[in-house]
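Below you'll find the structure, written out as structure tokens, and then a few comments.
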Number of protein chains: 2
Amino acid sequence: VGSCFVQLIETVGPTTAITDCCSVKRTVMAEVPPALRAHFVGGHPMAGLHVSGAQHARSDLFRDAWWVLSTYAETDVTALRRVESMVYALDARPVQLDPHDHDEHVALLSHLPHVLAAVLVQMGERLPGQFIAGGSWRDLTRVAGSPPPLWEEILSANRHAVGEALAQLRAELELFECVLATDDHDALRRYLTDAVAARHRLGGQASRESG
Amino acid sequence: VGSCFVQLIETVGPTTAITDCCSVKRTVMAEVPPALRAHFVGGHPMAGLHVSGAQHARSDLFRDAWWVLSTYAETDVTALRRVESMVYALDARPVQLDPHDHDEHVALLSHLPHVLAAVLVQMGERLPGQFIAGGSWRDLTRVAGSPPPLWEEILSANRHAVGEALAQLRAELELFECVLATDDHDALRRYLTDAVAARHRLGGQASRESG
């Protein structure tokens, strides 16, 4: 990525805006040369499918999806407005986050679900006898079919934030195991009720399409 | 449940078949009195919605769904055939599993996804700023909206198997964290590739509808 930025330096004019679509923002934005930073707006459309290739193209892929934009202190507001216009033209919703917050959000909201799907299908294969999964399993493991080379790159680039999210999840699961082991009905009911409320509050904020 | 079985003893005739629809089989089947076991076939339709109530009824709820049937050594084959006929009449697919295997399967395939959804929405709420979830998050957390009283009962009844599945998942996640922490690209790629293959093999066995 770095060498490609260097090539761009000679081509920028005063109104040039440059953006990218990478799933991790800190790594990319650390590589943008100072000479380009006034023109650069980091981008990440929170949309995508678990299949790749032109044959899966959809005209409404970005409709109502969040499109994260990350700027430098040096980024020109004109460059930001131009990239925002492009996002609106694709029917997506621009939202500004700094690179660190973005990477932490996607670690939990996108990368962790992919890790869980990959782990769970392999646990599922170890079950003896007829495989009797229903809808909740299918939903959970849908993204286990995502292209390995792409996800190897994403998970590696965001490995610190993903590692933290995984460690946090393990701690939460251990707590839940304690509630189950002691068969504490009040705590169990409270946990599940809090989850319904949390999902309800978050639901209104989520965007429509896959990613 | 036990007292309801006792009431049934006086009503059974030679061709009576009794079944249930509970999500956990060991607890129910331990309570069936010996006098009823020749007539009893444990049942669990692997279908359902994350909403309850008659207003959400669907005529195709069971279509192509697995319907687990569990028998005793004493269960009369006529009773089994009658319950199987009912399952076929609802367009579902009967599959026999002993109560222990059933409870282990659903711990991983249905109960664990519900626990994960409940845990993850609460982690999601703790993220600062605009919530930018996409499709993989929405799929993963859909079942966090399931009715707490029902799930309190299910998770409590199957707490041993669910606890084991959670402990196994935590061990797997810890392994994955090591792969990430060492940034071992080969191991990461292999893990993701194995997951795609596992999902592909399991996919053909999964049933169509939610649950």
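Every read-out reported here was derived from the displayed coordinates using simple, explicitly stated rules and does not represent laboratory data. Everything quoted here is computed from the prediction, not taken from an experiment. In this analysis, Cβ positions are derived from the backbone assuming ideal geometry, glycine residues included, and neighbour counts consider all displayed protein chains.
Tabulated data
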read-out	value
Value at 222 nm in deg cm²/dmol, rounded to 500, when DSSP H runs of n ≥ 4 in chain B each add -39,500 (n - 2.57)	-16000 deg cm²/dmol
Other-copy label distances relative to B:A57, 7 angstrom Cα-Cβ extension, nm	4.7
Residue of A:Q55, A:Q130, A:Q122 that the Gaussian network model of chain A assigns the largest fluctuation, springs spanning Cα pairs under 10 Å	A:Q130
Cα coordinate range in the protein assembly as shown, projected on the principal axes (Å, largest first)	90, 39, 38
Amide H contacts under 5 Å for B:D98, placed H, 5+ residues apart	none
The range A:107-189 - Rg and Dmax from Cα coordinates, angstrom	15.3, 45
Pseudo-label separations to other copies for A:C4 - Cα-to-Cβ vector, 7 Å, nm	6.1
Estimated vicinal HN-Hα couplings, Hz - the range B:54-70 in sequence order (Karplus 6.51, -1.76, 1.60; Gly, Pro = x)	4, 5, 9, 4, 9, 6, 9, 3, 9, 4, 6, 7, 5, 10, 6, 10, 10
Bridge type composition, chain A - antiparallel percent by DSSP, nearest 5	40 percent
Average other protein chain Cβ within 10 Å of Cβ, residues A:36-46	1
10 Å Cβ neighbours from other chains, averaged over peptide A:95-105	3
Under 5 Å, built H, 5+ apart or other chain: amide partners of B:I18	B:F40, B:V41
DSSP-defined beta bridges in the protein assembly as shown - what % are antiparallel, rounded to 5	45 percent
Linear extension gain, A:A167 paired with A:Y88, 0.36 nm per residue minus alpha-carbon span	24.8 nm
Interchain or long-range residues, amide H under 5 Å from B:V68's placed H	B:H44, B:M46, B:V95
Percentage relative contact order, the range A:85-150, counting C-alpha pairs under 8 Å, at least six apart	34 percent
Karplus 3J(HN,Hα) series, Hz, for the range B:16-32 with 6.51 cos²θ - 1.76 cosθ + 1.60 (x for Gly, Pro)	5, 10, 10, 9, 9, 10, 6, 7, 10, 9, 5, 4, 5, 6, 6, 8, 6
Additional length obtainable on full extension of the chain from B:T182 to B:V12, 0.36 nm per residue less Cα span	54.8 nm
Per-copy distances of the A:R81 label point, shortest first, in nm (7 angstrom along Cα→Cβ)	8.1
Total formal charge among the other residues, if their Cβ is under 12 angstrom from that of B:A181, Lys/Arg +1 and Asp/Glu -1	-4
